[in-house]
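The values are calculated or read from the model by the stated rules, or taken from the named source; none is laboratory data. Since we're looking at a predicted model, the values are computed, not measured. Here the Cβ positions follow ideal geometry from the backbone for every residue, glycine too, while neighbour counts run over all protein chains shown.
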């Protein structure tokens, strides 16, 4: 939890995000994949990638939460989609090659849910990317910030995020 | 782009990864143990436990200790458990997500042992209809006999009453005849004075008249005799009628007994259901487990499937395999050497030894069937033997499995034939031969498991009711007496849910025992009815017999008396007649002499007068 405390605080304080639009868009996309795909080695790899990149952590967390919720309703569809994809005779040689390659089987690509959700992620890639960009631009406008500041809730969020930042041990220990 | 990549984080992550790897090196074994436990739980859909796991990189070997997997069908026992499992792993193939083991050693494998480390003990309370069958057997025939004893509907008492009435009338008629006959008075009233001679005149005319009177008396006497004979004949006829009446009473009595005993009909017992409930339970379970084991082998090593079938909504998705024949399967244990002790420290302790060849999760990829060859012997019975041989061929689209096993001269001790607590049928001791064979083609199974029991000694245990105890006791005693009890479970139909049909010679044994018991009860009840009935009839009949006998005796006595009187009077008449005839003769002679004298006197007087 320690390395990802910042992301958690960012998620709470998303309305005051300072991320660029690209970082926000990619954060939303990475969060989407994390939310859609079942927990496996793939999730670990995605989390690692997200760690290497300067993404909007807050948007990534919210995106993960939203798509994870959505995936409970999309699982059946994803299963059918994945089964269709894996049953395509034209792609069978590719799958067979992948299946017999080292390390590739660990990706669980032959699982209908993994394949279906990956496909859904690819389909939603650009819509989610641009939506993320648009969303961050919207909340970073002066008029939006002025509106936000008027709300009492904003003050509570600020206080909570400041309080949570106190526990950012990494910042404390490593500066 | 420069803003996008965080090199500082990459460095931090690498350090973290290195720390994790170092920690993983120390904690790899517990992690793998945890992973294996989860995999086993998912594979067998039941709680699993792994005590420890040791992965050695030096010689690329794996050693697992203390594994137990619960039986999904009955969580109170383990499907299998073993003390140690060890073997080398092909490390290169691990990168391909393949577990290839040239040789595996499995020590102290135990099958279907009671599960000690599970909290989920499934309660098995099978509804048994045996109690209902037992209830049908109302063996209290004494009560039945008494309720069927309805004197109002009996024929014999009616016939007896009628016979008594008729006989009384006949006796009364006979007595009236005697009275009407009035033989004595009639004899007495005969005018004997008319034949008195001495006091009468001595004339022949008078004598002749007297003689006539005597003849008349004789004639009267003959009439009286004739009347008496007729009366006697009538009395004899009446006696005959009385005897006929008594015969009618006997016939009615027989009919009554027949009617009374006709209520006894043997109860309709479903002997097949009865024996199935009593002794089919165990073999049903064996057959079910056997079939279940084979079904699980198909689930584990799925037959070749060119076009995967879509599962409707699988949890966690569906894995589509792309194994290529000629390549290696995901799991392949080339040879598993087995050795171990099953049912340790119990009367059924058995030592097993053998091998299983080519265990794989993808038989179609491997292209080889799994071979099983296991032999064993019971520790407490050196004559016993166990053998399991099988070929599980899942290389083609249709699974073709053949399993044969036998256990001979198995010493059974405290062996439960039925798990139902209501019918604790225990075998204290017996010898058993168990033979099983099954052929699976696709999803259908054909096979049978036969259980032959010898030298049986049953222990009924605690029976809830006295009646039941008695009922079960005599059935079990009957089974004990038999040389061989055969129970055959025929398995057919779907391998996952087979139909198990039980056939046994116990049906014949039990039906014979019950029939014998019923016959005994019937005989007892019949004897009881007959005894009570005969006693009642005999009491009434005795009165009738006494009445008839008294009548016959009195009649005979009277008859004899009258006959004697008649004879006396007859003798008297004869005597009187003789005397009278002699007197008549004497009088005639005397009269003739007198006449002759008178005649001579007259002649002499005449001669004198005439001068001669």
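Got a number for residues in the stretch B:324-356 being part of a loop (DSSP other than H, G, I, E, B) and within 26 Å of residue B:445 (Cβ to Cβ)?
Kept after step one, since they are part of a loop (DSSP other than H, G, I, E, B), are these residues of the stretch B:324-356: B:324, B:326, B:328-330, B:343-349.
Now restrict to residues that are within 26 Å of residue B:445 (Cβ to Cβ): B:329.
Result for the stretch B:324-356: 1.
Quick test for you: out of B:272, B:253, B:258, B:284, pick the one residue that is part of a helix (DSSP H, G or I) and without any contact (Cβ under 8 Å) to a residue 60 or more places away in the chain.
Numbers: B:272 fails: without any contact (Cβ under 8 Å) to a residue 60 or more places away in the chain; B:253 fails: without any contact (Cβ under 8 Å) to a residue 60 or more places away in the chain; B:284 fails: without any contact (Cβ under 8 Å) to a residue 60 or more places away in the chain.
None of the others qualify; the one that does is B:258.
Any chance you could count how many residues in the stretch B:77-111 are under 49 Å from the mean Cα position of the chain (by Cα) and either within 14 Å of chain A (Cβ to nearest Cβ) or at pLDDT below 75 (or both)? Talk me through it step by step, then tell me what you get.
From the stretch B:77-111, those under 49 Å from the mean Cα position of the chain (by Cα) are B:77-83, B:107-111; that's our starting set.
When the remaining residues are screened for being either within 14 Å of chain A (Cβ to nearest Cβ) or at pLDDT below 75 (or both), the result is none.
Number of matching residues: 0.
For the stretch B:1-115, which fully contained strands (runs of 3 or more DSSP E) count at least 2 residues that are in contact (Cβ under 8 Å) with a residue 40 or more places away in the chain? Spell out the reasoning first.
Details: elements: B:48-56, B:61-70, B:78-88, B:99-101, B:104-107.
Output list reads B:61-70, B:78-88, B:99-101, B:104-107.
Each row is one residue, and each column tells you yes or no for (1) surrounded by 16 or more Cβ atoms within 10 Å (Cβ to Cβ); (2) at pLDDT below 75.
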position	(1), (2)
B:459	no, no
B:468	yes, yes
B:482	yes, no
B:496	no, no
B:499	no, no
B:502	yes, no
B:506	yes, no
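Every residue, every condition in (1) out of contact with any helix residue (DSSP H, G or I) (no Cβ under 8 Å at 6 or more places or on another chain); (2) surrounded by fewer than 18 Cβ atoms within 10 Å (Cβ to Cβ), yes or no:
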residue	(1), (2)
A:56	no, no
A:61	no, no
A:64	no, no
A:71	no, no
A:74	no, yes
A:79	no, no
A:96	yes, yes
A:101	yes, yes
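Condition first: under 12 Å from residue B:106 (Cβ atoms) and either in contact (Cβ under 8 Å) with a residue 40 or more places away in the chain or buried (at least 16 other Cβ atoms within 10 Å of the Cβ) (or both). Now tell me which residues in the stretch B:343-371 satisfy that. Working first, answer last.
Our first condition is that a residue be under 12 Å from residue B:106 (Cβ atoms); within the stretch B:343-371, this holds for B:352-356, B:359.
If the condition is that a residue be under 12 Å from residue B:106 (Cβ atoms) and either in contact (Cβ under 8 Å) with a residue 40 or more places away in the chain or buried (at least 16 other Cβ atoms within 10 Å of the Cβ) (or both), then B:352, B:354, B:355, B:356, B:359 are the ones that fit.
Please indicate, with yes or no, whether at least one residue in the stretch B:524-540 is part of a helix (DSSP H, G or I) and closer than 30 Å to residue B:179 by Cβ.
Here is the first cut: in the stretch B:524-540, the residues part of a helix (DSSP H, G or I) are B:524-540.
So of that shortlist, the ones also closer than 30 Å to residue B:179 by Cβ come out as B:540.
Checked the stretch B:524-540: at least one residue is part of a helix (DSSP H, G or I) and closer than 30 Å to residue B:179 by Cβ.
Just to be sure before I move on: is residue B:62 more than 13 Å from every other protein chain (Cβ to nearest Cβ) and at pLDDT below 90 in the structure I sent? Quick ask: steps written out before the conclusion?
Values: more than 13 Å from every other protein chain (Cβ to nearest Cβ): yes; at pLDDT below 90: yes.
It is true that residue B:62 is more than 13 Å from every other protein chain (Cβ to nearest Cβ) and at pLDDT below 90.
What's the number of the condition residue B:374 fails, among (1) modelled with pLDDT of 85 or more; (2) more than 18 Å from residue B:410 (Cα to Cα)?
If we test residue B:374 against (1) modelled with pLDDT of 85 or more; (2) more than 18 Å from residue B:410 (Cα to Cα), just (2) comes out false.
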